[in-house]
Amino acid sequence: MKRLVLVGGGHAHVHVLAALAARPFAATQVTLVSPYSRQIYSGMLPGWISGYYAIEDCALSLDSLTRRAGVNFVQTSCSGLDLKAGQVCCANGKAIPFDYASIDAGPAANLAGLDGAMEHALPVRPIEGFVAAWPGLLEKARNHTGEFTLVIVGDGAAALELAFAMQTRFTAEGLSHARLTLVGGNPQALAGFPYLLRRKAAKLLAEQGIAHLGKRRVIGLQPDHLLLEDGSRIAADATLLATGAAAPGWPAASGLATDDAGFIRVDPLLQSVSHPFVFAAGDVAAYADPRPKSGVFAVRAGPPLAENLRAVCQGQALKPWQPQRRALYLLSTGRKHALAAWGGFSTSGAWVWRWKDGIDKRFIAQFGS
Ligand SMILES: Cc1cc2nc3c(=O)[nH]c(=O)nc-3n(C[C@H](O)[C@H](O)[C@H](O)COP(=O)(O)OP(=O)(O)OC[C@H]3O[C@@H](n4cnc5c(N)ncnc54)[C@H](O)[C@@H]3O)c2cc1C
């Protein structure tokens, strides 16, 4: 009997659980370690903030997925791997022995160089932490007398989607005293996206009254303001951090080979380049042929990961995976409108939002409750 431990219930691992439910791996005992009993689908998070979805609409039940797959579910965080003993070390003190481990535990919040971030700002990751805190933040905005300034640090796709979603919610609730400001290091938001999409996003930000302060580097957070590298300050009643993906510290600390940023280096078989009995996929992995940290690539890694885990547990040959070169990005801009980008091509409209809504709902439905 082989022992396989899945660390994290991320986008690739939900596919592994579905594959196990459809066809169990022969003579393999599988365990999932995850701190929460559900997996929030981040693509639908802006729609939840806007008020279009209930949080249950955006969540996959890891309880149900593991039950259907005949997988043991240990609800705790992995704090490291003992690679010599072959054990997953858990925050609850347990050590779970394995022959093979697979890691899809996602990224951590990127708080580097942000003094006071933990005390005075709300990071969007872990997403469950954000989901727990958002109703309180909204309540603060509702009860605030005078202008309420919410600053979002970040100028990438997640930061913009959050800003548009929050603005939509503030408008729907008549909170005209709420002001949103995005602060980012780039001259224009959405660096790396096609020029026309960036221009459209800038126009939408302006139309919706969301300020964007580019070419700014935030270095510190205080209860009522942000401190910038140039010594200036930005007043804030609340600060949200959407500063991108950082690697969790424990993979490198466990001795797994990582890239310079701490993400687990894997080969095209999705095996760790230093410890082939450990697999990794999703944002926590550094692929041989690097790709942006994005849910699209985490989802796409699911089927090849499932097949290679099945193969390794059953003593069969593994197959290499080449991530697609391009990904379709659908970014909601509030008010049931969205932008789309595919390589250098971009478009936008209410129809793009309906398209995204359909894709997202089908993703959730695929893994059923
Ligand atoms: C607001 C927002 C909107 C986004 N929208 C999009 C989008 O529209 N399209 C897109 O492609 N990308 C989007 N992204 C990016 C996307 O969320 C990530 O790229 C994606 O979640 C990565 O998937 P993953 O499986 O690697 O990790 P995750 O989805 O983060 O899953 C990791 C899982 O592991 C668990 N876990 C974490 N730490 C541990 C631990 N120590 N031990 C055990 N389990 C652990 C977590 O609880 C979670 O269940 C968005 C991000 C944000 C913040």
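The values are calculated or read from the model by the stated rules, or taken from the named source; none is laboratory data. Fair warning: this is a prediction, and the values are worked out from it, not measured in the lab. Glycine also receives a Cβ, built like all others from the backbone with ideal geometry; neighbour counts cover every protein chain displayed. Calculation scope for accessible area: heavy atoms of the full protein, side chains included, ligands and nucleic acids excluded. Shrake-Rupley method; radii C 1.70, N 1.55, O 1.52, S 1.80 Å.
Please go through segment 69-81 and give me each residue that is within 10 Å of the ligand (Cβ to nearest atom), open to solvent by less than 20 Å² (accessible area, probe 1.4 Å) and touching a residue at least 60 places away in the same chain (Cβ under 8 Å), ordered by number. Spell out the reasoning first.
Here is the first cut: in segment 69-81, the ones within 10 Å of the ligand (Cβ to nearest atom) are 74-80.
Next, only the ones that are open to solvent by less than 20 Å² (accessible area, probe 1.4 Å) stay: 76, 78, 80.
Within segment 69-81, 78, 80 meet the criteria.
Taking residue 66 as the residue in question, decide whether it is more than 12 Å from the ligand (Cβ to nearest atom) and open to solvent by less than 10 Å² (accessible area, probe 1.4 Å).
On the way: more than 12 Å from the ligand (Cβ to nearest atom): yes; open to solvent by less than 10 Å² (accessible area, probe 1.4 Å): yes.
The answer is yes for residue 66.
Taking residue 185 as meeting all but one of (1) closer than 17 Å to residue 243 by Cβ; (2) of a type outside the set (D, E, K, R); (3) out of contact with any strand residue (DSSP E or B) (no Cβ under 9 Å at 6 or more places or on another chain), write down the number of the exception.
It fails just one condition, (3).
What number of residues within segment 17-30 satisfy the criterion of being closer than 12 Å to residue 62 by Cα and of a type in the set (S, T, N, Q)?
Our first condition is that a residue be closer than 12 Å to residue 62 by Cα; within segment 17-30, this holds for 17-18.
From what is left, the residues that are of a type in the set (S, T, N, Q) are none.
Residues flagged as closer than 12 Å to residue 62 by Cα and of a type in the set (S, T, N, Q) within segment 17-30 amount to 0.
If you take the residues in segment 217-237 that are over 13 Å from residue 118 (Cα atoms) and among the small types (Gly, Ala, Ser), which one is least open to solvent (accessible area, probe 1.4 Å)?
236
Can you run down the residue pairs with Cβ atoms below 7 Å, 6 or more apart or on separate chains, where the first is in segment 325-351 and open to solvent by 50 Å² or more (accessible area, probe 1.4 Å) and the partner is away from the ligand (no atom under 15 Å from the Cβ) and among the aliphatic types (A, V, I, L, M)?
If the second residue must be away from the ligand (no atom under 15 Å from the Cβ) and among the aliphatic types (A, V, I, L, M), the pairs left are 336/350.
What are the pairs, 6+ residues apart or on separate chains, where a residue within segment 30-56 that is free of Cβ contacts under 8 Å to residues at least 40 places away in the same chain and over 29 Å from residue 81 (Cβ atoms) has its Cβ under 6 Å from a residue that is within 11 Å of the ligand (Cβ to nearest atom) and among the small types (Gly, Ala, Ser)?
Pairs found: 53/47.
Counting only residues that are buried (at least 21 other Cβ atoms within 10 Å of the Cβ) and either more than 14 Å from the ligand (Cβ to nearest atom) or on the phi > 0 side of the Ramachandran plot (or both), how many does segment 279-303 have?
So the answer is 1.
Quick one: how many residues across segment 214-252 are assigned to a loop (DSSP other than H, G, I, E, B) and more than 16 Å from the ligand (Cβ to nearest atom)?
Selection size over segment 214-252: 13.
Tally time: how many residues in segment 94-146 are of a type in the set (A, V, I, L, M, F, W, C), open to solvent by 50 Å² or more (accessible area, probe 1.4 Å) and either in contact (Cβ under 8 Å) with a residue 12 or more places away in the chain or touching a strand residue (DSSP E or B) at 6+ places or on another chain (Cβ under 6 Å) (or both)? Spell out the reasoning first.
Looking only at segment 94-146, we keep the residues that are of a type in the set (A, V, I, L, M, F, W, C), and these are 95-96, 98, 101, 103, 105, 108-109, 111-112, 114, 117-118, 121-122, 124, 127, 130-134, 137-138, 141.
Next, only the ones that are open to solvent by 50 Å² or more (accessible area, probe 1.4 Å) stay: 95, 112, 118, 132.
Add one more test, that the residue is either in contact (Cβ under 8 Å) with a residue 12 or more places away in the chain or touching a strand residue (DSSP E or B) at 6+ places or on another chain (Cβ under 6 Å) (or both), and what stays is 95, 112.
Residues in segment 94-146 being of a type in the set (A, V, I, L, M, F, W, C), open to solvent by 50 Å² or more (accessible area, probe 1.4 Å) and either in contact (Cβ under 8 Å) with a residue 12 or more places away in the chain or touching a strand residue (DSSP E or B) at 6+ places or on another chain (Cβ under 6 Å) (or both): 2 in total.
Please state which of the following conditions residue 310 fails to meet, knowing it meets all the rest: (1) buried (at least 18 other Cβ atoms within 10 Å of the Cβ); (2) more than 10 Å from the ligand (Cβ to nearest atom); (3) among the charged types (D, E, K, R); (4) in a loop (DSSP other than H, G, I, E, B).
Tallying (1) buried (at least 18 other Cβ atoms within 10 Å of the Cβ); (2) more than 10 Å from the ligand (Cβ to nearest atom); (3) among the charged types (D, E, K, R); (4) in a loop (DSSP other than H, G, I, E, B), residue 310 fails exactly one: (4).
In segment 253-284, what residues are not in a loop (DSSP other than H, G, I, E, B) and not aliphatic (A, V, I, L, M)?
Here is the first cut: in segment 253-284, the residues not in a loop (DSSP other than H, G, I, E, B) are 253-254, 258, 264-266, 271-272, 278-280, 282-284.
Listed by number, the residues that qualify are 254, 258, 265, 271, 272, 279, 282, 283.
Can you name the helices (runs of 4 or more DSSP H) wholly within segment 126-213 that have at least 3 residues being away from the ligand (no atom under 16 Å from the Cβ) and among the basic types (Lys, Arg)?
Ranges flagged: 195-207.
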